[in-house]
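A short write-up of the structure that comes next.
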Amino acid sequence: MDTIASLFSFITYPVSWIIVQFHSLYGAVFGADSGWAWGLSIVSLVVLIRIALIPLFVKQIKATRGMQALQPRMKAIQERYKNDKQRQSEEMMKLYKETGTNPLSSCLPILAQSPFFFALYHVLANIANGKTIGAMDQQLVDSAREAKIFGAPIAAKFMDSPEKVEALGASLTDVRIVTAFMIILMSLSQFYTQRQLMQKNVDLTVKTPFMQQQKMLMYIFPVIFAVMGINFPVGVLVYWLTTNVWTMGQQMYVINQNPTPGSKAQDQYLTRLLKHVTSHGEVKSRGKKKVVAAIVAKGPDRNDNERKFITALTKQGLAAQADGSVIKSVEATADSDAASGGAAKRQQPKRQSKSQRQAPGKPSSKK
């Protein structure tokens with residue numbers, strides 16, 4: 001790990017400088033040597049990095065949508081070469097190349113964060129050894145070296161020897177309890193994020209190698225992080241746990257507001273949208289209008305969720321328009337009026353009395 005981290009030493013100065021700036025802010029509140037001041041500085045570093053990576057995240061979403069648009073063609077390839085897995089894979093790769101899509105696009109944010117992650121590891125490793133690095137002078141290094149989060153120094157690791165932990169002014173038991181707890185949270189948050197993606201935001205009608213890869217990552221990534229986590233300093237665990245929580249929240253927002261077509265999340269979103277439209281009689285927000293307009297533009301190519309949404313609107317006497325608005329449907333109203341008129345015509349006559357039922361021309365039995 002130290003060797004890999006040293007490869008990113010070129011970025012240690014900006015990373016350490018950012019931490020120092022945040023530390024000066026939090027140090028004024030919690031105290032310069034407080035673990036909270038140093039811990040929150042690392043959390044703020046993560047937030048700053050993730051905000052900077054939002055454009056890349058948007059690009060990732062667009063790439064994922066491109067993959068979804070290709071799914072009908074993927075399904076056709078699967079059907080055509082269902083008995084020839086090698087040819088099926090070759091045709092899939094050819095399709096990716098022709099359309100410029102990349103099934104590994106979901107890894108972009110992780111790859112972009114890697115230099116910062118290893119740079120932080122390099123900074124904390126130097127702090128543990130009492131060495132100055134980047135923008136951190138000896139006074140700041142000594143302060144960070146003794147800062148503790150729940151009794152564990154931010155530079156300590158689960159696998160550190162009792163002597164090394166003692167040199168940092170802490171007990172091995174405290175360090176292992178804190179690091180083990182953070183490793184478990186880190187792995188669980190990673191698993192939940194991936195599971196949420198697979199269960200709610202994937203179109204399960206088409207089986208692709210990409211989906212199989214994502215399913216595999218759901219189980220492999222948490223195990224990898226758990227194994228690697230025992231060699232991460234507490235500060236790095238704070239970094240990775242924070243970025244996992246950010247990713248989980250960011251993904252929840254995307255799933256709720258911009259779900260993948262054909263997914264369970266889209267069905268839930270359109271159900272909420274239908275309820276909103278029937279309650280207000282119109283589509284108010286610009287984002288919702290874009291969704292409705294996209295569904296209208298698809299025409300016969302709509303998926304099951306979208307067809308169900310359009311059908312439900314029609315039953316409510318509403319019609320979606322090309323601009324995303326919803327108006328009262330003339331046809332639905334006419335059908336309703338016709339149905340009510342037909343019911344009126346079929347109305348049963350009033351029940352007659354015995355004397356009324358007797359026909360006037362019928363002779364009486366009385367002589």
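How charged is the neighbourhood of residue 295? Take every other residue with its Cβ under 14 Å from the Cβ of residue 295, and add Lys/Arg as +1 and Asp/Glu as -1.
With Lys, Arg at +1 and Asp, Glu at -1, the neighbours total +2.
Which of the residue pairs 59/94; 59/289; 75/97 have a Cα-Cα distance greater than 20 Å in the structure shown?
Check vs 20 Å cut-off fails for 59/94; 59/289.
Amide H neighbours of residue 318 under 5 Å, counting only residues 5+ apart in sequence or on other chains, H built in-plane at 1.01 Å?
When sequence neighbours closer than 5 places are left aside, the close amide H contacts are 329.
Express in nm, to one decimal, how much length is gained between residue 228 and residue 185 on full extension, taking 0.36 nm for each residue of separation and deducting their alpha carbon distance.
Stretched fully, the residue 228-residue 185 segment lengthens by 14.1 nm.
When the solvent-accessible surface of protein heavy atoms is calculated with a 1.4 angstrom probe, in what order do 57, 150, 30 fall, highest first?
Ranking 57, 150, 30 by accessible area, largest first, yields 150, 30, 57.
Would you mind calculating the gained length between residue 114 and residue 83 on full extension (0.36 nm times residue separation, minus the Cα-Cα distance), in nm to one decimal?
Taking 0.36 nm per residue and subtracting the Cα distance, the gain is 7.2 nm.
Using the structure shown, list the pairs from 82/264; 275/328; 200/290; 284/308; 131/164 with a Cα-Cα distance above 19 Å, or answer none.
82/264; 200/290; 284/308
At 0.36 nm per residue, minus the direct Cα-Cα distance, what do residue 323 and residue 216 gain on full extension? Give it in nm, one decimal, please.
34.5 nm
The values are calculated or read from the model by the stated rules, or taken from the named source; none is laboratory data. Keep in mind that what you see is a predicted model, and the values were worked out from it rather than measured. Please note: Cβ atoms are built from the backbone with ideal geometry, for glycine as well, and neighbour counts cover all protein chains shown. Accessible surface is based on the protein model in full, side chains and every heavy atom, while ligands, DNA and RNA are left aside. Shrake-Rupley method; radii C 1.70, N 1.55, O 1.52, S 1.80 Å.
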